[in-house]
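Colleague: The following block contains the structure, expressed as structure tokens.
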Amino acid sequence: MVDTGERTSDAKIVVEHLDFHYGSVQALFDVCVEMAPRKVTAFIGPSGCGKSTFLRTLNRMNDIIPGTRVQGRVLIDGHDIYSNGTDVVALRRSVGMVFQKSNPFPKSIFENVVYGPRIHGEKNSARLREIAEQSLQRAGLWAEVKDRLDQNALSLSGGQQQRLCIARALAVGPEILLMDEPASALDPRSTARIEDLIGELREDYTIVIVTHNMQQAARVSDFTAFFYEGHLVEFGETQQIFTMPKKKQTEDYITGRFG
Amino acid sequence: MRQRSNGFLAIWAMRIIFYLLVSSVGIIVLDVLWKGLPSISLSFLLDSPRRSGAEGGIFPAIVGTVYLVTGAIAAALPLGIASAVYLSEYAKQGLFTRWVRFAIITLAGVPSVVFGLFGLGLFVIFLGFGASVLAGSLTLACMILPTIIVASEEALQAVPRELREASLALGATRWQTIWRSVLPYSVSGIMTGSILGIGRAAGETAPILLTAAAFFLPNLPESPFDQVMALPYHLYILATQHPEAAKVRGMQYGTALVLLVLVLGINMAAILLRGRFRKKYRW
């Protein structure tokens, strides 16, 4: 369990005493956790435990849901993203997000990838093409789509669509990548590709992934946090969480699923 | 067994009602076609009326109606879409927006003659436009605004949340998200509402009677501040106010037919356009 009192200075994301409410329902209780740069941190827990809500507080995606309330601090590179005067648009540029259900725009593959750069003012078409190629390469999709960039993104398979969404997030040039159960709707083969991809991306990005699949958390992550009913029960190195959990709840959850 | 025969009865009852409805519409159209077609000719369509409309054509009325409808759409569509965007995307949802929505729906049910009176008071007299194309168009625009706002808001809300989130998560502002991701995918829904509005604007008599229409005006309007003839009003005059009403039956039905075809034509054009948008942004 991380001691919240002494903060290691090299953490990319520091969350301090975070409470979160949907109207009168409290979804997160006093969550304190740190996420290391260029590492994969996985959040596991049963459905409704608050792990997705937590993930969405990191890029202020919950702002768009009416009636939500946040208390506590979320520091990214030392800056509290909930402080007054935070530029939410700039925040979301540096904190990319991949959703559970792949959600490409009903536009061409190319237009999907360059959507971010375009809205941020990039007009040079050669540069846009370059960004598209780099991002698709990075997401491991380039070889499959390079001859049909003009096709509608919805013509891709589910796994390809999800990698397109990853490419689209990368095209904006984020430092942090949030992934909300990115493979839960995919077949095992596509899931394996996404997991391999996470392994490659961890070299350059700080990745936070939410998953209900514990094997997946064990495979892809460096650190694991276990959520239960809005409380962060245990946090530690993945190997330790899965082999020697310190809390009984964690152990019950992990062994219950495995056994 | 009993339940089955009940269902059988209900289906037959509905079928009969459906056929009655369709055939009554068919009879109206056929009647207008039958009595109107003989008076349709090139000169009827392209000439100005003579002898108070007893002879000649209805060209100024056709042009007038096209002007009025175009003006009404030009004013109501941007205003209506902007209102819908504000209501559904920006306004804080609460008691105030609930009342605004209620007011809009109520407005959609207000009789058109009331809109005419409102237009007369505001545009014709207070703003000093006089009885004119401009005043008539704006009055019609007020009348069809509620329909357009309600339909547009529904279309905006039908855009899946995932699409908005995808855009926002890439660092788009709310406006960029609306402009690039939400509006393009709600265009076909917005068009559906607008089509209903357009049809109504073309056919209504009362609003333009008070604000724009001239009884007999062989010339085309030269500026937005001129009066115009209009098909529905012309039809009303020929049928009820004309000294030789019985003798100009052919002209009446001819006018009705042209109005019918015009409204149908505008609707068809809008439906085709909607189909193209739908194909372009399929989701």
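Colleague: Quick one: which helices (runs of 4 or more DSSP H) sit completely within the range B:154-231 and have at least 2 residues that are modelled with pLDDT of 90 or more and polar (S, T, N, Q)?
Modeller: B:174-177
Colleague: I would also like to ask the following. For residue B:182, only one of the following conditions fails: (1) in contact (Cβ under 8 Å) with a residue 60 or more places away in the chain; (2) more than 14 Å from chain A (Cβ to nearest Cβ); (3) not basic (Lys, Arg). What is its number?
Modeller: The number of the failed condition is (2).
Colleague: Test residue A:41 against the stated conditions and say whether it is surrounded by 22 or more Cβ atoms within 10 Å (Cβ to Cβ), touching a strand residue (DSSP E or B) at 6+ places or on another chain (Cβ under 7 Å), within 14 Å of chain B (Cβ to nearest Cβ) and in contact (Cβ under 8 Å) with a residue 12 or more places away in the chain.
Modeller: No.
Colleague: Run down B:135, B:155, B:202 and say which single residue is more than 14 Å from every other protein chain (Cβ to nearest Cβ), within 30 Å of residue A:165 (Cβ to Cβ) and of a type in the set (A, V, I, L, M, F, W, C).
Modeller: After applying the criteria, what remains is B:155.
Colleague: Does residue A:101 satisfy the condition of being of a type outside the set (Val, Ile, Thr), in contact with a strand residue (DSSP E or B) (Cβ under 8 Å, 6 or more places away or on another chain), surrounded by fewer than 22 Cβ atoms within 10 Å (Cβ to Cβ) and within 14 Å of chain B (Cβ to nearest Cβ)?
Modeller: Taking the combined requirement at face value, the residue does not satisfy it.
Colleague: Now for a separate question. Just to be sure, is residue B:19 within 19 Å of residue B:213 (Cα to Cα) and not polar (S, T, N, Q)?
Modeller: In short, no.
Colleague: Let me ask another. Show me the helices (runs of 4 or more DSSP H) found entirely inside the range B:1-95 where at least 3 residues are under 28 Å from residue B:151 (Cα atoms), of a type in the set (A, V, I, L, M) and at pLDDT 90 or above.
Modeller: Helices (runs of 4 or more DSSP H) meeting the threshold: B:2-36, B:59-85.
For every residue, the table says whether it meets (1) under 30 Å from residue B:94 (Cα atoms); (2) in a loop (DSSP other than H, G, I, E, B).
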{"position": "A:11", "(1), (2)": "no, yes"}
{"position": "A:21", "(1), (2)": "yes, no"}
{"position": "A:69", "(1), (2)": "yes, no"}
{"position": "A:73", "(1), (2)": "yes, no"}
{"position": "A:83", "(1), (2)": "yes, yes"}
{"position": "A:90", "(1), (2)": "yes, no"}
{"position": "A:96", "(1), (2)": "no, no"}
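Colleague: Could you check the range B:143-164 and list, in sequence order, the residues that are surrounded by fewer than 20 Cβ atoms within 10 Å (Cβ to Cβ) and either of a type in the set (Asp, Glu) or within 15 Å of residue A:115 (Cβ to Cβ) (or both)?
Modeller: Those that are surrounded by fewer than 20 Cβ atoms within 10 Å (Cβ to Cβ) and either of a type in the set (Asp, Glu) or within 15 Å of residue A:115 (Cβ to Cβ) (or both): B:154, B:162, B:163, B:164.
Colleague: Right, next: Tell me which residues, restricted to the range A:55-92, are closer than 12 Å to residue A:20 by Cα, of a type outside the set (A, V, I, L, M) and at pLDDT 90 or above.
Modeller: Residues satisfying the conditions are A:56, A:57, A:60, A:62, A:68, A:69, A:71, A:72, A:73.
Colleague: For the subset of the range A:119-138 comprising residues that are among the charged types (D, E, K, R) and outside any helix (DSSP H, G or I), which member is surrounded by the fewest Cβ atoms within 10 Å (Cβ to Cβ)?
Modeller: This residue is A:123.
Colleague: Considering the range B:87-140 alone, what residues qualify as being charged (D, E, K, R) and either surrounded by 12 or more Cβ atoms within 10 Å (Cβ to Cβ) or closer than 27 Å to residue B:69 by Cβ (or both)?
Modeller: Within the range B:87-140, B:89, B:101 meet the criteria.
The values are calculated or read from the model by the stated rules, or taken from the named source; none is laboratory data. Values in this document were obtained by computation on a predicted structure and should not be read as measured data. Here the Cβ is made from the backbone with ideal geometry for all residues, glycine too, and neighbour counts use every protein chain on show.
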